[in-house]
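Undergrad: Structure incoming, see below.
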Amino acid sequence: MQDDMAGDIEIQIKRLAGMYQMGDGYQQTKEAINSILTDFNHGIGRDVSVRIMVWSDLHTSLKNSLIISADPRWIEAIRYAISRVKSFKQNAMASHAARVASHA
C-alpha cells in the first residue's frame, strides 16, 4: 500500500514540477510540495522501519527523475522536493535511532 502511495506522491510532485516549468510561481510550487509531503507523512503509519523504507524509495525515485537535459525549472522543483523528502527520511531515521537507544 505504501508503495502505491509513494508512486502517487511521485506523480503529484512531477505534475507540480511540470506546472512550475510552464510558468507557475516557485513559492506556490514549494507550498504545494510541502503540503503533499506533510499529508503523506501523516498517512504512512507509525512503523519507523516502514517510514524509513518509504521515504528512501521516494527519495531514490525522485533522484532518478533528475535529467541533466531537463528544463532548469523542472530540476529546481524536483531538487526542492528531494531536499524535503530527505528531511522527512532523516527525521524517521533519527526517530528510529532514538527508539533503539532507549531500548539499549
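Undergrad: Is the shape of the chain rounded, prolate or oblate, going by the alpha carbon gyration tensor and its root eigenvalues a ≥ b ≥ c, with a/c under 1.5 for rounded and a/b larger than b/c for prolate?
TA: prolate
Undergrad: Taking θ = phi - 60°, what integer Hz values does the Karplus form 6.51 cos²θ - 1.76 cosθ + 1.60 yield along the range 14-23, in sequence order, with x for Gly and Pro?
TA: Once θ is set to phi - 60°, the couplings for the range 14-23 become 5, 4, 4, 4, x, 5, 5, 4, 8, x Hz.
Undergrad: Also: Which of the lysines could a cross-linker span from Lys63 if the Cα-Cα distance has to be under 16 Å and same-chain partners fewer than 8 positions apart are dropped?
TA: Lys14, Lys86, Lys89
Undergrad: Apply 1/(1 + (r/R0)^6) to the Cβ-Cβ distance of Lys86 and Asp8, taking R0 = 22 Å, and write down the FRET efficiency to the nearest 0.05.
TA: 0.70
Undergrad: Now for a different question. Before rounding to the nearest 500, sum -39500 (n - 2.57) across all DSSP H runs of length at least 4 in the chain and divide by the residue total; then give [θ] at 222 nm in deg cm²/dmol.
TA: -28500 deg cm²/dmol
Undergrad: A further question follows. Please give the contour-minus-distance gain from Ser49 to Asn64: 0.36 nm per residue of separation, less the Cα-Cα distance, rounded to one decimal in nm.
TA: Full-extension gain reported as 3.1 nm.
Undergrad: For the chain, build the charge dipole from Cβ charges (+1 Lys, Arg; -1 Asp, Glu) around the Cα centre, then report which of Ser95, Asn34, Gln12 sits farthest towards its positive end.
TA: After comparing all options, I get Ser95.
Undergrad: Excluding Lys30 itself, calculate the net charge of residues whose Cβ lies under 14 Å from the Cβ of Lys30, where each Lys or Arg counts +1 and each Asp or Glu counts -1.
TA: 0
Undergrad: Using a Gaussian network model on the chain with a 10 Å cutoff between Cα atoms, which of Asn41, Asn64, Asn91 fluctuates the most?
TA: Asn64
Read the figures in this text as sums done on the coordinates, not as results from a lab. Owing to the predicted nature of the structure, the values given are computational and were not obtained by experimental measurement. Neighbour counts run over all protein chains shown; Cβ positions are idealised from the backbone, glycine included.
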